[in-house]
1. Run down Val154, Val172, Val146, Val230 and say which single residue is surrounded by fewer than 23 Cβ atoms within 10 Å (Cβ to Cβ) and either among the small types (Gly, Ala, Ser) or touching a residue at least 12 places away in the same chain (Cβ under 8 Å) (or both).
2. Please enumerate the residues belonging to region 193-227 that are among the hydrophobic types (A, V, I, L, M, F, W, C), surrounded by 20 or more Cβ atoms within 10 Å (Cβ to Cβ) and within 13 Å of ligand 3 (Cβ to nearest atom).
3. Tell me the residue from Leu321, Leu231, Leu271 that is touching a Ser or Thr at 6+ places or on another chain (Cβ under 7 Å), among the hydrophobic types (A, V, I, L, M, F, W, C) and within 16 Å of ligand 2 (Cβ to nearest atom), please.
4. Being over 27 Å from Ile26 (Cα atoms) and either among the polar types (S, T, N, Q) or not in a helix (DSSP H, G or I) (or both) is true for just one of Glu383, Glu396. Which residue is that?
5. Checking Glu369 against (1) in contact (Cβ under 8 Å) with a residue 40 or more places away in the chain; (2) surrounded by 15 or more Cβ atoms within 10 Å (Cβ to Cβ), which single condition isn't satisfied?
6. Residues to consider are Thr163, Thr137; find the one that is touching a residue at least 40 places away in the same chain (Cβ under 8 Å), of a type in the set (Val, Ile, Thr), within 18 Å of Arg89 (Cα to Cα) and surrounded by fewer than 22 Cβ atoms within 10 Å (Cβ to Cβ).
7. Checking Ser45 against (1) within 17 Å of Ile107 (Cα to Cα); (2) buried (at least 17 other Cβ atoms within 10 Å of the Cβ), which test does it fail?
8. Kindly indicate whether Gly257 is without any contact (Cβ under 8 Å) to a residue 12 or more places away in the chain and either surrounded by 17 or more Cβ atoms within 10 Å (Cβ to Cβ) or away from ligand 2 (no atom under 16 Å from the Cβ) (or both).
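Here, each number is a calculation from the coordinates, and none is a lab measurement. Because the structure is predicted, anything quoted here is derived from the model rather than measured. Heads up, the Cβs are rebuilt from the backbone with ideal geometry, glycines too, and the neighbour counts pull from every protein chain shown.
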Amino acid sequence: MESATERAYAHLTEFLAARGVDVEAIEERLRSQRVETPSWGYGNSGTRFKVFPQLGVPRDAFEKISDAAEVHQFTGICPSVAIHIPWDRVDDYGELKTHAESLGMEIGAVNPNLFQEEEYRLGSVCNPDPAVRRKATDHLLECIEVAGEVGSDVLSLWFADGTNYAGQDSFVERRHRMHECLSEVYAAMTEGMRMLLEYKPFEPAFYHTDLPDWGAALTMCQKLGERAEVLIDLGHHLQGTNIEHIVGMLLEEGRLGGFHFNNRKYADDDLIVASINPFELFLIYVELVEAEESTRIDYMIDQAHNIEPKIEAMILSVMNLQEAYAKALLVDRTKLAEARRAGDVLLAHRLLLDAYNTDVRPLCAQVREGLGAAVDPIATFRESGYAQRVAGERREGLGAGWG
Ligand code: AFD
Ligand code: MN
Ligand code: MN
């Protein structure tokens, strides 16, 4: 007998086809969607008040990749995992790469950590002390080597640099210092490598941040060279910021390199993407669906789940991204262009609402099934018993965390 999902899929595709939608083309796009998950999202995390450790959390980079492989198995679109150095430092990166490959995975963006050592109290690449800048630059160079060993072509950078008090340091000199360090790093990148640069308006520094916004990141990238591109982390914006507009501007400048997906109510909350504002995520994808045909954009999740089960939270995030993307693909672009030309404000808006309000879950389920993943990924993951199994196997030793 036909399952409820199959019936819903049949209804939906009939409805879409009657509207002239090329369902097969949309399914093809959905099959090629890719989302990278972060190794740090599988470890213990928390706020500055408390980390609630979870049972079965991976103890090292190998186990983090194993968990990421579970997300890929049930969603079918997450074959890569970003790593964070030194959190994921191992003796033999070749072995880590082989481990990933044995699970059908690969290692994606390499993220240096320039915010947890004593020396970085006044910043890393912007630090007034040249010896600290040297240390920070050396760490960035180490990450380029790691990237080479694990087969990654992305160096993804976020700087905690900033100041806490007016007068503490010179804005201009700090920017020069950053430029000098990053120029050295840029020059050391192999030809096929890209550098992605995040911005963030505040935290951990509260008076100023050295790369506070997309303009500061973009101009730094432009100074460095064309393989330096801006990375948009959804959590790194002030209230009311029109992120989809930033997407459009960076695309137009040819410098949108990637995303860190998450969601936030107030600041860098790291909540499950689309859990607070699914419409915003949809609007972001509306900007992207055309552009991504001609430019490479790396879609990554940057979420550290504090109280929810980590693998399930990651799966739900991926499903939310898949649904937002599917809805964006449903926008009737021809009609939208006509409505815009005709100045039909509400028709243009309603065309977006039409797509957004379509229940695409059966379509996504069908696509996942076709990929050999799961119709209902979270239920299937739960049934697999993986969480219980690793909770038993990983009893000894310390769960990985911010350490
Ligand atoms: C922190 C930052 C940032 C960055 C991540 C990895 O907020 O988003 O991408 O660390 O370095 O969470
Ligand atoms: Mn980020
Ligand atoms: Mn962040």
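1. Values: Val154 fails: surrounded by fewer than 23 Cβ atoms within 10 Å (Cβ to Cβ); Val172 fails: either among the small types (Gly, Ala, Ser) or touching a residue at least 12 places away in the same chain (Cβ under 8 Å) (or both); Val230 fails: surrounded by fewer than 23 Cβ atoms within 10 Å (Cβ to Cβ).
None of the others qualify; the one that does is Val146.
2. Leu211
3. Details: Leu321 fails: touching a Ser or Thr at 6+ places or on another chain (Cβ under 7 Å); Leu271 fails: touching a Ser or Thr at 6+ places or on another chain (Cβ under 7 Å).
Result of the check over Leu321, Leu231, Leu271: Leu231.
4. Working: Glu383 fails: either among the polar types (S, T, N, Q) or not in a helix (DSSP H, G or I) (or both).
Answer to the check: Glu396.
5. Unmet condition: (1).
6. Working: Thr163 fails: within 18 Å of Arg89 (Cα to Cα).
Among Thr163, Thr137, only Thr137 is touching a residue at least 40 places away in the same chain (Cβ under 8 Å), of a type in the set (Val, Ile, Thr), within 18 Å of Arg89 (Cα to Cα) and surrounded by fewer than 22 Cβ atoms within 10 Å (Cβ to Cβ).
7. For Ser45, the exception is condition (1).
8. Details: without any contact (Cβ under 8 Å) to a residue 12 or more places away in the chain: no; either surrounded by 17 or more Cβ atoms within 10 Å (Cβ to Cβ) or away from ligand 2 (no atom under 16 Å from the Cβ) (or both): yes.
The answer is no for Gly257.
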